[in-house]
1. How large is the convex hull of the C-alpha atoms of region 7-168 per residue, in Å³?
2. What distance in nm separates the simple spin-label points at residue 89 and residue 47, each placed 7 Å from Cα in the Cβ direction?
3. Along Cα→Cβ, 7 Å out, is where each label goes; now give me the distance between the ones at residue 146 and residue 127 in nm to one decimal.
4. With labels modelled as points extended 7 Å from the Cα through the Cβ direction, what inter-label distance (nm, one decimal) is found for residue 103 paired with residue 20?
5. Which of 133, 121 has the fewest other C-beta atoms within 10 Å, and how do the rest follow up to the most?
6. How much length would be gained if the chain were fully extended between residue 134 and residue 116, taking 0.36 nm per residue of separation minus their Cα-Cα distance, in nm to one decimal?
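Taken together, the values in this text are just the output of simple stated rules run on the coordinates, not laboratory data. Owing to the predicted nature of the structure, the values given are computational and were not obtained by experimental measurement. Virtual Cβ from ideal backbone geometry, glycine too; neighbours counted across all protein chains shown.
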């Protein structure tokens, strides 16, 4: 069950995005370093996004075997009426994702240039927008957020609770 619906708005073409839910707003600005990537780096970024999409279950959803599930009860429950994924399975899945990501990342600065498409940031964004754009955009923006070392690329605002707003009025 989805509890929050988000909307993504492209504020400035291929540069600034707004993700908004009932509770929060993110304004994400693509760093200049991303726009100046070599074709090889852009190709690798595309594959990193794909790796995350698989790892997060966006591409095919999660297929979970019964042995990966275990019974779970919250405090106060009399029975194990809930299911949760075995944490060891999730750790293995994360390790697999990290390995995949690291394999791509090590090639970023190896000095080799491949015959890669896209050739520039605009081509990269055009090709990304032809696929499962919204899911892949979330991942791209997550990567930008993780690279937000100087704090300038991501602005986060928490909206006041609607009930608090109504009570104050």
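1. Cα-based convex hull of region 7-168, divided per residue, equals 178 Å³.
2. Going by the 7 Å Cα→Cβ label model, 2.9 nm.
3. Taking the simple label geometry, residue 146 and residue 127 are separated by 2.0 nm.
4. 4.1
5. On the way: 133 13, 121 18.
Final ranking by Cβ density, sparse to dense: 133, 121.
6. Details: separation 18, 0.36 × 18 = 6.48 nm, distance 2.35 nm.
In short, 4.1 nm is gained.
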